[in-house]
Amino acid sequence: MLLYACAGVALSGISILHFWSALVLLGVGWNFLYVGGTTLITEACTPPERAKTQGANDLIIFVMMAASSFSSGLLLEKSGWAILNYLALLLITTAAAGVLWLYFRGVPRPSRKRSGPR
């Protein structure tokens, strides 16, 4: 929801206040997604797999982040501010649809077995 708000603020004006507000919403929203995704990866893997999987996940995230940073400048130059934000809305909606699909599909979560007495 924070990323939707970010795009909405960015599309509503081009003043410094709009830009700063959009950046704050983007930063907080991105951090929630990053921490939540990292947590889900550690829960989905067995302990021996966690380090490699989390490392691969971080590499993929940072490569995509670098690619999107470079391409956003080109997209901004060629298409404009509004198109860049509408594209962000499309990507956010795609990610949200994927999360909702997984949620309603009812994928069973692995049970956590505790060792030792409670």
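Of all residues assigned to the stretch 13-20, at least one qualifies as being at pLDDT 90 or above and of a type in the set (S, T, N, Q). Search the stretch 11-22 for residues being among the hydroxyl-bearing types (Ser, Thr, Tyr) and in a helix (DSSP H, G or I), and hand back the single one that is nearest to Ile83 (Cα to Cα). In this case the residue turns out to be Ser12. Ala82 fulfils the conditions (1) exposed (fewer than 12 other Cβ atoms within 10 Å of the Cβ); (2) among the aliphatic types (A, V, I, L, M); (3) at pLDDT below 90 except for a single criterion, (3).
Starting from the stretch 23-49, keep only residues that are within 17 Å of Leu89 (Cα to Cα) and in a helix (DSSP H, G or I), then list their pairs with residues that are among the small types (Gly, Ala, Ser) and open to solvent by less than 80 Å² (accessible area, probe 1.4 Å) whose Cβ atoms are within a distance under 7 Å, requiring at least 6 positions of separation or different chains. Close Cβ pairs (under 7 Å, with a partner that is among the small types (Gly, Ala, Ser) and open to solvent by less than 80 Å² (accessible area, probe 1.4 Å)) amount to Leu25/Ala5.
Selection of the stretch 85-104 for residues being surrounded by 10 or more Cβ atoms within 10 Å (Cβ to Cβ) and more than 30 Å from Ser15 (Cβ to Cβ) yields Ala97, Gly98, Val99, Leu100, Trp101, Leu102. Restricted to the stretch 36-77, and to residues there that are within 18 Å of the chain's Cα centre (by Cα) and open to solvent by 90 Å² or more (accessible area, probe 1.4 Å), the residue that is modelled with the lowest pLDDT is Leu40. Candidates in the stretch 81-96 are the residues that are within 13 Å of the chain's Cα centre (by Cα) and among the small types (Gly, Ala, Ser); of these, the one that is nearest to Ala5 (Cα to Cα) is Ala88.
The values are calculated or read from the model by the stated rules, or taken from the named source; none is laboratory data. Since the structure is predicted, the reported quantities are computational estimates derived from the model, not experimental observations. Neighbour counts are summed over all protein chains in view; Cβ atoms, including those assigned to glycine, are modelled from backbone coordinates with ideal geometry. Surface accessibility is based on the protein's heavy atoms, side chains included, excluding ligands, DNA and RNA. Shrake-Rupley method; radii C 1.70, N 1.55, O 1.52, S 1.80 Å.
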